[in-house]
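K.L.:
Can you read through this structure? Questions will come right after.
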Ligand code: DSN
């Protein structure tokens, strides 16, 4: 892909890094499940003259002049979001997923209120009340968990909800490979008098394509980032459902007021335009087929990996995401696996697994997903080859083990990573990954 000539002339240092990053994206298999490749149209809007404008307020109610065209752009984005997700209200201004979720809290809760979300090391998101997030500090967070088999423990969630009576419950997470039980959570929220917010950031592309159940009949509020399976720019949307408006007719107004002026200043108009374009793209039959292929690819990859003796949390997947359980490779072996896979030309991320025996920074799993490689046009046949590369790369981490003594870790990991980068078998595997990338070029 051509990288900006103006950047080259103005700032050769940044230009050089951009070129290298472009080559990295082109020549390796991007399998972090939250990443994707936005279309050229989305990127054009993101990098457009719209970045020059201030537009505090909402369409036709702005604090600055000159917003007649921005009003149209934001109104189009809102209408497309409402139609695509089947909701009566959408706010497209949140800067990204974490601010969007905080805006939901600030619309519904007061400091000290009890909230519930899926525990971070069980696949939940930081903003669903984890202790290191501001959401876990301001609110009293009661996390629910997954069972040892990796499926959400609904009975525990119900019991905790009835005991602690949270004001807000989150359903949705960043590493859950099964369909979310929206209906069950809706019942729990009703029983204990909580609001239910569905954070569908990971699966929103699948939801609008009908590949994953929609939470619109079950949740009061839905949040999503726009850059994952939805394949748009980096941004977010907060939506209020019919159910939410029935529960609280002022809910939409509360959300809008919290986003602006409560938490944010001027919306990022270039992102709003890019979101509008992504929503248009996501409403096409081609996008629905793309979403179906994401899941077919994930299932094909899961079955190929399993047949090679690689253990997956829950034994497989219903969506775009897989979580490899590396317990048999040793505690904390996710760090070696991530490095070995990267040397083999596959980008993934180390991740905690249910009943994690180590820690989030040195976890015992690898999370991977198929949205980005499916955007390149890869199908089931390529998943077999990718599974073989992954299995080969994992063989290369045998023999490495995370030192129990924390002080020894830095030097040990530096040495291990250096060896993995020089490893000949991984270099051979990398050539196979690069061959796939050449066959399925990005931005051809
Ligand atoms: N960083 C995102 C993910 O990888 O799932 C969540 O915010």
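K.L.:
Note the full-extension length gain between residue 20 and residue 407 as 0.36 nm times their separation in residues minus their Cα-Cα distance, in nm to one decimal.
P.N.:
Separation in residues times 0.36 nm, less the Cα-Cα distance, equals 135.9 nm.
K.L.:
Hey, what did the stretch 298-444 get for relative contact order, percent, Cα under 8 Å, at least 6 apart?
P.N.:
It rounds to 28 percent for the stretch 298-444.
K.L.:
Helix-derived [θ] at 222 nm for the chain: sum -39500 (n - 2.57) over DSSP H runs of at least 4, divide by residue count, nearest 500?
P.N.:
The helix-only estimate for the chain comes to -14000 deg cm²/dmol at 222 nm.
K.L.:
Let me ask something else. Apply the a/c threshold of 1.5 to the C-alpha gyration tensor of the stretch 1-136 and tell me whether it is rounded, prolate or oblate.
P.N.:
It comes out oblate by the Cα gyration axes.
K.L.:
Can you tell me the relative contact order of the chain? Whole percent, Cα pairs under 8 Å, sequence separation 6 or more.
P.N.:
Dividing the mean separation by the residue count of the chain yields 20 percent.
K.L.:
Then there's this: Between residue 361 and residue 187, what length in nm is gained on full extension when 0.36 nm per residue of separation is reduced by their alpha carbon distance?
P.N.:
Length gained between residue 361 and residue 187: 59.1 nm.
K.L.:
I would also like to ask the following. In whole angstrom, note down how far apart the Cα centers of the stretch 84-147 and the stretch 272-351 are.
P.N.:
Cα centroid to Cα centroid, the span is 24 Å.
K.L.:
Could you compute the FRET efficiency for residue 253 and residue 155, with r as their C-beta to C-beta distance and R0 at 35 Å, rounded to 0.05?
P.N.:
According to the calculation, E is roughly 0.45.
K.L.:
Would you give the gap between the C-alpha center of the stretch 352-402 and the C-alpha center of the stretch 199-254, rounded to a whole Å?
P.N.:
Value for the Cα centre distance between the two parts: 29 Å.
K.L.:
Can I ask one more? Taking R0 as 60 Å, what FRET efficiency do you get between residue 40 and residue 419 from their Cβ-Cβ distance, rounded to the nearest 0.05?
P.N.:
0.90
K.L.:
Another one. Of the peptides 350-357, 54-61, 136-143, how do they stack up when ordered by the mean number of other Cβ atoms within 10 Å, highest first?
P.N.:
Top of the packing list down: 350-357, 136-143, 54-61.
K.L.:
Give, as ranges by residue number, the residues of the stretch 409-430 whose backbone N falls under 18 Å from the point 7 Å along Cα→Cβ of residue 395.
P.N.:
Residues passing the 18 Å test: 420-430.
K.L.:
With 10 angstrom as the radius, rank 3, 221 by how many other C-beta atoms surround their C-beta, starting from the fewest.
P.N.:
Ranked by crowding around the Cβ, least crowded first: 3, 221.
K.L.:
Counting only C-alpha contacts under 8 Å and six or more residues apart, can you give the relative contact order of the stretch 122-168 as a whole percent?
P.N.:
22 percent
K.L.:
May I pose another question? At what distance in nm do the modelled label points of residue 242 and residue 83 sit from each other, each positioned 7 Å from its Cα along Cα→Cβ?
P.N.:
1.8 nm
K.L.:
Another question about this same structure. How much length would be gained if the chain were fully extended between residue 440 and residue 63, taking 0.36 nm per residue of separation minus their Cα-Cα distance, in nm to one decimal?
P.N.:
Contour length minus Cα-Cα distance gives 131.0 nm.
K.L.:
Within the stretch 292-318, find all residues whose amide N lies under 20 Å from a label point positioned 7 Å from the Cα of residue 379 along Cα-to-beta-carbon.
P.N.:
292-305
K.L.:
Using the Cα gyration tensor of the chain, with a ≥ b ≥ c the square roots of its eigenvalues, what is the shape: rounded (a/c below 1.5), prolate (a/b larger than b/c) or oblate (neither)?
P.N.:
oblate
K.L.:
Going by the alpha-carbon gyration tensor, a ≥ b ≥ c the square roots of its eigenvalues, is the stretch 189-335 rounded (a/c under 1.5) or, if a/c is not under 1.5, prolate (a/b greater than b/c) versus oblate?
P.N.:
Prolate.
K.L.:
When you count, for each residue, the other Cβ atoms within 10 Å and take the mean per peptide, how do 28-37, 68-77, 422-431, 89-98 rank with the highest first?
P.N.:
89-98, 28-37, 68-77, 422-431
K.L.:
May I ask you to sort 125, 410 by Cβ crowding, counting other Cβ atoms within 10 Å and putting the fewest first?
P.N.:
With the sparsest Cβ surroundings first, the list reads 410, 125.
Quick note: the coordinates plus some simple rules give every number you see, no bench work behind them. Just so it is clear, the model here is predicted, and its values are computed rather than measured. Note that we place each Cβ from the backbone using ideal geometry, even for glycine, and neighbour counts take in every protein chain shown.
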